[in-house]
Amino acid sequence: MQPRLLVEGAARKLDGPLLFLRRTLEVGLNDAVEVRGRDGRARLGRVAALDEESMTIEVLENTSGLGLAESVVRFFGEPLNFPLGPGILGRVFNGVGQVVDGGPPIAARENYRIEGMPINPFARATPRDFIETGVTAIDLMNSLVRGQKLPIFSGGGLPHDRIAVEIAGHARLRKGKGGDFAIVFAGIGVPFDTAEFFRASLEKSGALERTALFLNLASDSSTQRLLTPRFALTAAEYLAFVEGKHVLVILTDLTNYCEALREVSSSKGEIPSRKGFPGYMYSDLATLYERAGCIKGYPGTLTQLPILTMPADDIGHPIPDLTGYITEGQIVLSRDLDRRGVYPPINVLPCLSRLMKDGTGGKYTDPDHPALSSQLYAAYARAAQTRVLASVVGEEGLSAADRKYLAFGGEFEGTLVNQTSARSLDESMAVGWDLLKALPKTELTRLSDRQIAEHVEK
Amino acid sequence: MSEARIRWISGPVLRATTDGRFALREAVEVGPQRLLGEVVSLDGEEVIIQVYEDTTGLKPGVVIVGTGQPLAIRVGPGLLGNMFDGLLRPLAGSSSAFVTPGVAPARTGMLPFRPKVAKGDRLARGAIFGEVEGAGGRVQRCLVPPDREGEVVTVAPAGSYAEDAAVLALRDDAGATHEVAMSHLWAVRVPRPVRLRRPGAKPLVTSQRILDCLFPVAQGGKAAIPGGFGTGKTVLLEALAKGCDADVIVYLGCGERGNEMAGVLEEFPELTDPRSGRPLMERTVIIANTSNMPVAAREASIYSAVTVAEYFRDQGQHVALMADSTSRWAEALREVSGRFGELPGEGGYPAYLSSRLADFYERAAVVETLAGATGSVTVMGAISPPSGDFSEPVTSHTKRYVKAFWALDVRRAQARFYPAVNPLLSYAEDAHVFAEWWAANGNPEWVALRRKFLTLLDDQARLERMARIIGKDALPLRQQLTLFCAELVNEAFLRQSALSPIDRAASPARQSAMMRLIGRYTELAESAVNAGARLEDLAALPSYRQVLRMGEEIGEEDLEKFGALAAAVEREIGALVQEKEKRNAATTAG
Ligand SMILES: Nc1ncnc2c1ncn2[C@@H]1O[C@H](COP(=O)(O)OP(=O)(O)OP(=O)(O)O)[C@@H](O)[C@H]1O
Ligand SMILES: [Mg+2]
């Protein structure tokens, strides 16, 4: 980006992130700017509103330290861009796409708009390739496919980081060997040690050289958090749709992103919607999450694994709620299972993978995979109901069949969800069939007689 | 053409000054890219414009050109089988994989036109003047626009023409001549006129058992599907688009996922319409404004969709419109209204939310068209309430305007019990009207069985609450029997996977066979319990599992197997009763 025009002393008012200027030159809506204060620090911003005499700049970084008279504004004459070229894997960037690993700058081939462009639905190809993550609660019960956006709904203190790193390390196509994915990792408002944990774990597994890291640390400006996922996704799109790679994007923590959005919105004086978050948060999150997918005629794909921590573990909170309405399912972690020592502590009942139907079954995994998953779901849901019943009337008050379900529920969590090392899908399925042996055959209504004879009764 | 110059911009909203004339709701083109917009307010020299595309890069001073027309879409026989954006611009045929702002490519392609009128004929508004025969013999009718009439001056001979090429010239009473093409422009926000509206007397057969048998919607009726995320709104709407007995499907993805639209586009050409044997896509129009596409166009897309639906209705067709999701439309309304600085009401929505919803759902109807045929538009809208809470404004207002309410339930969805329609929260106001239709279609017991099933499900909820306090085993046998039968209704009848090749659609005949079988089973189960059988004895009979799985096992081709299954049930339970009675007699004697 070549700074084209410089304006000095035109600022009239500074209110939170908004800087009001006299308009002294031709600029367009959403054009990128750089605002430099007395402290000499450059802050990115964009033109948010315009009229004949004045313009409003939304500064996307911390505005403290800025003054009116001495603020210098550079206009780039185009929207915010990210110059990209070969060699971005293995590199570390800050939250606004600048190299911070001490290495040489990226030899940019082209500028890419960080807002991206909506993929034409007509050009999309349906995601179908099953990704084995090694996690049974995902592979068997809520399969991930290439091009999907599948968030992890977690809570403070739960091991979502470890799960994400393990998935990044294991992710492979069925019967593959791993290493199939380029990884783009964006830390959004994460503490330094979380960032370091990711870096070190990826290094240990040898995945670091196929990873591009984007770090907006907790200590960095919170408004910058709105930019970090956009820079990261622009890099991911470049890798997928220009370089033709299969890309796995891990974004953490989206809760910090949404909080920054709320902060900026309220300082703009916008009418808040639920819990103070802006009414457009759904559309705003969609501009991030919808940047996943497969495109007809393009070899690369973009898969997203965003992580968010549910405030007060409440899945109805606007952040997980709106995310769930946009993404293609969710993996939900449970504090209760974590306390009981189950790892990964995935509560499968509220989990969902909407694309599972497109990437499992005969052509993609195993012909009996969908039925097995559905049967395990039905049985585990019944076990959960029975548990509620037992907690009131005691185990003695249960019928013989209900007692079987109660035991099944415990086994399901203890041996199927809980795992000490990665499992292949075949191993996961074997565990599933095994568990069903303890239930009455007449009640396995999601399985055909053949499936029962072949897998459960043998 | 009037011109204006931009004075102020923020997001999709522009203020511009002009000395020309603009009309409210007039369509405009903005800047060199010719971005599409609409005049939403006039105040002296100032016009306020809502732009339907990305406004990045616009500046004060940029010229806005009025089109002199209200925001309108081109409806015509070329729509079927294709995918469009929220303003009905084709999404196919773009050279880029990404949606770029600016005027999109026009619809191209030639259509085979056959005239049905001759020089000198007098044509009324909305009259049929020709036909287009599409793939597989589907005939579409060419309509005189509803605001034109006159005497035929010329009519083109049969042949291939572009959809928007003049094929007819009409002289009106004032002596002016107007050219008419196979397609015509119609203002999206104006309902298309009809001769008269009729009450709906026939159900729209959806092929979903829980809807057709418990909560039916009328052809020309309106239904809402509220549900939290992941409860199955989209899958249900898609199942209806595949399986319902409409002639034309208009499927609107409004602020939802790109992959879902791509999925429909990939799947529908592969599936066959059971009624015509032709690919389903041939009866479908897809309108897609995904969640990441411009918000203002999302607001307009719902009107585009219903206008397209009315256009096919005016050809004398029965049309089903699926809108997924009306909440995203309402949010777009809220967002744009906020930018105008309007006063927010309940939930931040503008005060006119309720009347806009009413206007939209009112466009569903059975009508006598201007050309004298019968046609209908049935509207089914998904609602995405925040945290799945049905007391929010969009759900509560919609509830006042729809006749069928299909509430989806998180608990059922989590147990993978689909469709996750909650039978206690859902309702259908028109159900009683359809008894006659079902009787004429081979199921005179429909009303009685429906009532029986609903009562069982009601009782189940009550008894389960009780069981949670005293334990299931402590319930009297009679009540345990009720629970047993209710579970049978759920598992064997209401559960219907949209992914099952056999069960995803059920014909009325198959639904009736299953309904009767379960009705009979509950009677037999009662007699068995009266004779002293335990519920475990019933569950142990081979026919029990067969009944539970009949939806998955018995397809449309072998309906006679239901008869065989019913006979097996009679035989096995009959034997059980006999055995118990024998034993009872022995104990009394001994
Ligand atoms: N009738 C059904 N048969 C089989 N599976 C279903 C059915 N309904 C829903 N599902 C399953 O549930 C998943 C979620 O359904 P769907 O995408 O329709 O939810 P939704 O209510 O539209 O959610 P959102 O509001 O987030 O769009 C599907 O991907 C599918 O796996
Ligand atoms: Mg949906």
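The values are calculated or read from the model by the stated rules, or taken from the named source; none is laboratory data. Just so we're clear, the structure is a prediction, and the values are computed from it rather than from any experiment. In this analysis, Cβ positions are derived from the backbone assuming ideal geometry, glycine residues included, and neighbour counts consider all displayed protein chains. Note: accessible area is taken over every heavy atom of the protein model, side chains too, but ligands, DNA and RNA are not part of it. Shrake-Rupley method; radii C 1.70, N 1.55, O 1.52, S 1.80 Å.
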Per-residue ellipticity at 222 nm for the protein assembly as shown, helices alone: DSSP H runs ≥ 4 residues times -39500 (n - 2.57), over residue total, nearest 500 deg cm²/dmol?
-9500 deg cm²/dmol
Quick one: what are the phi-derived ³J(HN,Hα) couplings along the range B:195-205, Karplus 6.51/-1.76/1.60 with θ = phi - 60°, whole Hz, x for glycine and proline?
6, 7, 9, 10, x, x, 10, 10, x, 7, 6
With x for Gly and Pro, the residue-by-residue ³J(HN,Hα) of the range A:96-106, computed from phi through the Karplus equation 6.51 cos²θ - 1.76 cosθ + 1.60 at θ = phi - 60° and given in whole Hz, is 10, x, 9, 5, 10, 9, x, x, x, x, 6
Just want to confirm a number: the relative contact order over the range A:84-171, from Cα pairs under 8 angstrom separated by 6+ residues, in percent.
21
Whose amide H sits under 5 Å from the amide H of B:F113, counting only residues 5 or more places off or on another chain, with H placed in the peptide plane?
B:G159, B:S160, B:Y161
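At a 1.4 Å probe, what is the % contribution of carbon and sulfur to the accessible area of the range B:3-72?
On the way: 1310 of 2820 Å².
Its accessible area is 46 percent carbon and sulfur atoms.
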Read phi for every residue in the range A:331-348 and hand back ³J(HN,Hα) as whole Hz from Karplus 6.51 cos²θ - 1.76 cosθ + 1.60, θ = phi - 60°, with x for Gly and Pro.
10, 10, 8, 10, 5, 4, 5, 4, 4, 7, x, 7, 10, x, x, 8, 8, 6
Which whole-number percent gives the relative contact order of chain B, counting Cα pairs below 8 Å spaced six or more residues apart?
12
Per-residue average of other protein chain Cβ atoms inside 10 Å, peptide A:322-331 -> 4
Quick check: at a probe of 1.4 Å, how many percent of the accessible area of the range B:110-184 sits on carbon and sulfur atoms?
49
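Looking only at chain B, where both bridge partners belong to it, what percent of the DSSP beta bridges are antiparallel (to the nearest 5)? Write down the numbers at each step before the final one.
Details: 68 of 95 bridges.
Among the beta bridges of chain B, antiparallel pairing accounts for roughly 70 percent.
Just counting partner chain Cβ atoms within 10 Å, what average do the residues of peptide A:370-381 show around their Cβ? Please list the in-between numbers first.
On the way: counts 3, 2, 0, 1, 6, 1, 1, 4, 5, 1, 3, 7.
Counting Cβ atoms of other protein chains within 10 Å of each residue's Cβ and averaging gives 3.
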Can you tell me, using C-alpha contacts under 8 Å and at least 6 residues apart, the relative contact order of the range A:369-456 as a whole percent?
39
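Per the Kirkwood treatment, what hydrodynamic radius in Å, one decimal, follows for chain A from the mean inverse distance over all distinct Cα pairs? Before the final figure, lay out each step's value.
Working: mean 1/r = 0.0420 Å⁻¹.
Kirkwood hydrodynamic radius for chain A: 23.8 Å.
Anything over 20 Å Cα to Cα? Flag those among B:K202/B:K399; A:K357/B:K233; A:K404/A:K441; A:K149/A:K296, in the order listed. Don't skip to the end; give the middle numbers.
Values: B:K202/B:K399 22 Å; A:K357/B:K233 16 Å; A:K404/A:K441 12 Å; A:K149/A:K296 18 Å.
Violating the 20 Å limit, Cα to Cα: B:K202/B:K399.
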Give or take rounding to whole Å, what are the principal axis extents of the alpha carbon atoms in chain B, in descending order?
107, 55, 41
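Tell me the Kirkwood radius of the range A:5-79: reciprocal of the mean inverse pair distance over distinct alpha-carbon atoms, in Å. Intermediate values should be presented prior to the final figure.
Details: mean 1/r = 0.0852 Å⁻¹.
About 11.7 Å, per the Kirkwood formula over Cα pairs.
Quick check: at a probe of 1.4 Å, how many percent of the accessible area of chain A sits on carbon and sulfur atoms? Walk me through the numbers before you get to the answer.
Working: 8280 of 16200 Å².
Carbon and sulfur atoms account for 51 percent of the accessible area of chain A.
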Could you work out how far the C-alpha centroid of the range A:345-384 sits from that of the range A:216-294, in angstrom?
30
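Enumerate by residue number the GluC sites (Glu not before Pro) in the range A:39-86 meeting two conditions: DSSP loop (anything except H, G, I, E, B), and at most 16 other Cβ atoms within 10 Å of the site's Cβ.
Values: sites: A:E52, A:E53, A:E58, A:E61, A:E70; in loops: A:E52, A:E53, A:E61, A:E70.
Loop-located and lightly packed - A:E52, A:E53, A:E70.
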Taking H as built 1.01 Å from N, whose amide H comes closer than 5 Å to the amide H of B:E26, not counting residues under 5 places away?
B:V39
Summing +1 for each Lys or Arg and -1 for each Asp or Glu, what net charge is found among the other residues whose Cβ lies under 12 Å from the Cβ of A:D51?
+3
With just the Cα atoms of the range A:139-244, tell me how far they stretch along each of the three principal axes, in Å, largest first.
43, 35, 26
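May I ask you to list the trypsin sites (Lys or Arg not before Pro) in the range A:143-181 that are in a DSSP loop and have at most 10 other Cβ atoms within 10 Å of their Cβ?
Numbers: sites: A:R146, A:K149, A:R162, A:R172, A:R174, A:K175, A:K177; in loops: A:R146, A:R174, A:K175, A:K177.
For trypsin sites (Lys or Arg not before Pro) across the range A:143-181 that sit outside H, G, I, E and B with at most 10 neighbouring Cβ atoms in 10 Å, the list reads A:K175, A:K177.
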For the range A:103-140 and the range A:428-443, compute the distance between their C-alpha centroids and round to whole Å.
37
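Antiparallel versus total DSSP beta bridges in chain A: what percent is that, nearest 5?
Details: 45 of 74 bridges.
Beta bridges within chain A, antiparallel portion: roughly 60 percent.
Using only atoms on other chains, find how many Cβ atoms lie within 10 Å of each Cβ of peptide B:410-416 and report the average. List each step's numbers first, then the result.
Values: counts 3, 4, 1, 4, 10, 10, 12.
What the average comes to for B:410-416 is 6.
Which loop-located trypsin sites (Lys or Arg not before Pro) does the range A:360-390 contain, where loop means any DSSP state but H, G, I, E or B and the Cβ has at most 16 other Cβ atoms within 10 Å? Before the final figure, lay out each step's value.
Values: sites: A:K363, A:R382, A:R387; in loops: A:K363.
Qualifying residues, ordered by number: A:K363.
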Counting only protein heavy atoms, probe 1.4 Å: which residues of the range B:79-103 lose 40 Å² or more of accessible surface in the full assembly compared with their chain by itself?
B:L91, B:A97, B:F98, B:V99
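Would you mind giving the total buried accessible surface between chains A and B, with a 1.4 Å probe and ligands, DNA and RNA left out, rounded to the nearest 100 Å²?
Numbers: alone 19230 and 25190 Å², together 38210 Å².
Roughly 6200 Å².
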Using Cα centres only, tell me the gap between the range B:429-494 and the range A:1-66 in whole Å.
66
Given Cβ point charges of +1 (Lys, Arg) and -1 (Asp, Glu) and nothing else, what value in debye, to the nearest 20, does the dipole of the range B:196-431 about its Cα centre take?
360
For A:F20 paired with B:E556, estimate the spin-label separation in nm (one decimal), with each label point 7 Å from Cα along the Cα-to-Cβ line.
6.6
Mind pulling up the Rg/Rh value for the range B:417-512? Radius of gyration and Kirkwood radius, both on Cα.
1.02
I want to check the label-to-label distance for B:E526 and A:A125. Put each point 7 Å from Cα in the C-beta direction and report it in nm to one decimal.
5.9
Of all DSSP beta bridges with both partners in the range B:196-431, the antiparallel percent, nearest 5, is 35
Starting from the amide H of A:R128, placed 1.01 Å from N in the peptide plane, find each other amide H under 5 Å away whose residue is 5 or more places distant or on another chain.
A:R146
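Over the range A:369-456, what lengths in whole Å, largest first, do the semi-axes of the equivalent ellipsoid take, defined as the square roots of 5 times the eigenvalues of the alpha-carbon gyration tensor?
Details: eigenvalues 109, 55, 17 Å².
Equivalent ellipsoid semi-axes, largest first: 23, 17, 9 Å.
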Once you sort the root eigenvalues of the Cα gyration tensor of the protein assembly as shown as a ≥ b ≥ c, which label holds: rounded (a/c under 1.5), prolate (a/b larger than b/c) or oblate (the other case)?
oblate
With all pairs of different alpha carbon atoms counted, what Kirkwood hydrodynamic radius in Å does the range B:1-62 show?
11.2
Excluding ligands, DNA and RNA, what is the solvent-accessible area per residue of the range A:369-456 at a probe of 1.4 Å, expressed in Å²?
39
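In Å², and per residue, what accessible area does the range A:82-357 have when probed at 1.4 Å with the other protein chains present? Spell out each step's value before the answer.
Working: 8510 Å² over 276 residues.
About 31 Å² of surface per residue is accessible.
Find the all-direction average of the projected area of the Cα convex hull for the range B:18-93, expressing the result in square nanometres with one decimal place.
6.0
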Against the 2.2 N^0.38 Å scaling, with N counting residues, where does the range B:110-184 land? I'd like the Cα-based Rg ratio to two decimal places.
1.03
